[in-house]
Every structure is written in structure tokens, then in C-alpha cells.
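Below is a structure I'd like to ask you about.
Any read-out appearing in this document is the output of simple, stated calculations on the displayed coordinates, not a laboratory observation. Keep in mind it's a predicted model, so treat the numbers as computed, not measured. Virtual Cβ from ideal backbone geometry, glycine too; neighbours counted across all protein chains shown.
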Amino acid sequence: MTTERSLVLVKPDGHARGLTGEVLRRIEAKGYTLVALEVRVPEVEMLHRHYAEHEGKPFFEPLVEFMSSGPVTAAVIEGERCIEGFRALAGATDPTAAAPGSIRGDLGRDWGEKVQKNIVHGSDSPESAAREIDIWFPGL
Ligand code: RTP
Ligand code: MG
């Protein structure tokens, strides 16, 4: 058994489109457990820490602006290899290329904007998950 935890975010586009419940439904239907759940408008400073790996890239500032533009649902999920598993549920970063059956593939749109508004975030490694969970849910 490789029980892992991952940080999942329903981004402002997902919230605005009323897709939070649908994302949580897919997480639970897959068999992952919700360990923590909170809706909040993230502070810019926190997003700089969350997206530190992308600092300096052309999409960094528009991404932080987008992510701080409205409510986000942050969740810690737990389950067998759930880091890779949730990335598969989410699908490819670009919603126009994401496979049908995935969250981004089924529900994502090409908005023709600077930032890919792709509904969800999921940690990409055990190290990222630990770092991100500590940012969003310190002490958990
Ligand atoms: P995430 O971190 O949100 O789960 O997505 P990801 O790993 O699939 O994508 P990543 O490369 O980490 O990028 C983080 C987020 O930045 C936005 N992005 N926009 N060229 C672009 O317009 C672009 N590239 C990335 C997306 O919102 C992406 O999810
Ligand atoms: Mg990423």
C-alpha cells in the first residue's frame, strides 16, 4: 500500500461555473477520502509560495492574478497513489488537449486567454504535496 495525500484546488473558473461539487464527486467516486476542505479567496502572497516553481515564467503573474480573482476550494485528499491518480482524473494541463473522461477533458474550455483556466490543480509529487499541504493547511 502506498497511501498518499495530495492537495487539490478547484480554481476560480471551476467555482464560478459551479463545478466544485462535480470535482469532489469524482474524487469520492474514485475512492479517495477528503481529509480537509475549505473555500477561500487566496492571498497573493500565498499563491507566490504555492506557484514558486513557475516564478519568472510569462504566465506567472497572470496565473497569480487569476487564482486570486475569486473563491477557490482547497482540499486534501487521501488514497492509494492518489497524487498520480488525481493527475489522471484531472487530465492534461491544456483543456483542449485533455482526454475525454478527465475533468479538464470533459469540462474544460479553451478561453483563448493568457492563462489556461483548467478548473483544478493537483500536486505533482510527494514533495510538492507535502509543501503545498503545509501552505494551505499548516499543521495538518
Ligand atoms: P496544476 O499545477 O494547476 O495542477 O497544473 P499543471 O501541473 O497541469 O500545470 P503547471 O505546468 O504546473 O502550470 C500551472 C498552471 O499554470 C497555468 N498555465 N498557463 N502557457 C500557459 O498559458 C499556462 N501554462 C500553465 C495553468 O492554470 C496551469 O494549471
Ligand atoms: Mg503543476
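Whole-Hz Karplus ³J(HN,Hα) for the range 93-110, in order, using 6.51 cos²θ - 1.76 cosθ + 1.60 and θ = phi - 60°, x for Gly and Pro?
So the Karplus estimates, Gly and Pro as x, are 3, 7, x, 6, 9, 5, 5, x, x, 8, 4, 5, x, 7, 10, x, 10, 8 Hz.
Provide the packing ranking of 71-79, 100-108, 126-134, 55-63, i.e. peptides ordered by the mean count of other C-beta atoms within 10 Å per residue, highest first.
Values: 71-79: 20.6, 100-108: 18.0, 126-134: 16.2, 55-63: 12.8.
Packing proxy ranking, top to bottom: 71-79, 100-108, 126-134, 55-63.
What FRET efficiency comes out for L140 versus T93 if R0 is 35 angstrom and r is the Cβ-Cβ distance? Round to the nearest 0.05.
Values: r = 26 Å, r/R0 = 0.75.
For R0 = 35 Å, the calculated efficiency reads 0.85.
Then there's this: If you put +1 on each Lys and Arg Cβ and -1 on each Asp and Glu Cβ, how big is the dipole of the range 48-140 around its Cα centre, in Debye rounded to 20?
About 180 debye.
For W136, what is the net charge nearby, where nearby means another residue's Cβ is under 12 Å from its Cβ and Lys, Arg count +1, Asp, Glu -1? Can you show the working numbers first?
Details: positive: R5, R40, R49, R131; negative: E38, E43, E132, D134.
Around W136, the surrounding residues sum to 0.
If you don't mind, another one. Check cross-link reach from K57 to the lysines: straight Cα distance under 20 Å, and skip same-chain residues fewer than eight apart.
Cross-link targets: K11, K114, K117.
Which three extents, in angstrom, do the Cα atoms of the chain have along their principal axes, listed largest first?
Cα extents, longest axis first: 40, 35, 24 Å.
A further question on this structure: Along the positive direction of the dipole of the chain (beta-carbon charges: Lys, Arg +1; Asp, Glu -1; about the Cα centre), which of P12, S128, S68 reaches farthest?
Comparing the listed Cα positions along the dipole, P12 ranks first.
Residues with beta-carbon under 11 Å from that of F66, excluding F66: net charge, scoring Lys, Arg +1 and Asp, Glu -1?
Within the 11 Å Cβ shell, the charges total -1.
Give the long-range amide H neighbours of A36: residues separated by 5 or more places, or on another chain, with amide H under 5 Å away, using H modelled in the peptide plane at 1.01 Å from N.
V76
Are there trypsin sites (Lys or Arg not before Pro) in the range 1-52 that DSSP puts in a loop and that have at most 15 other Cβ atoms within 10 Å, and which ones?
On the way: sites: R5, R17, R25, R26, K30, R40, R49; in loops: R17.
Passing sites in the range 1-52 are R17.
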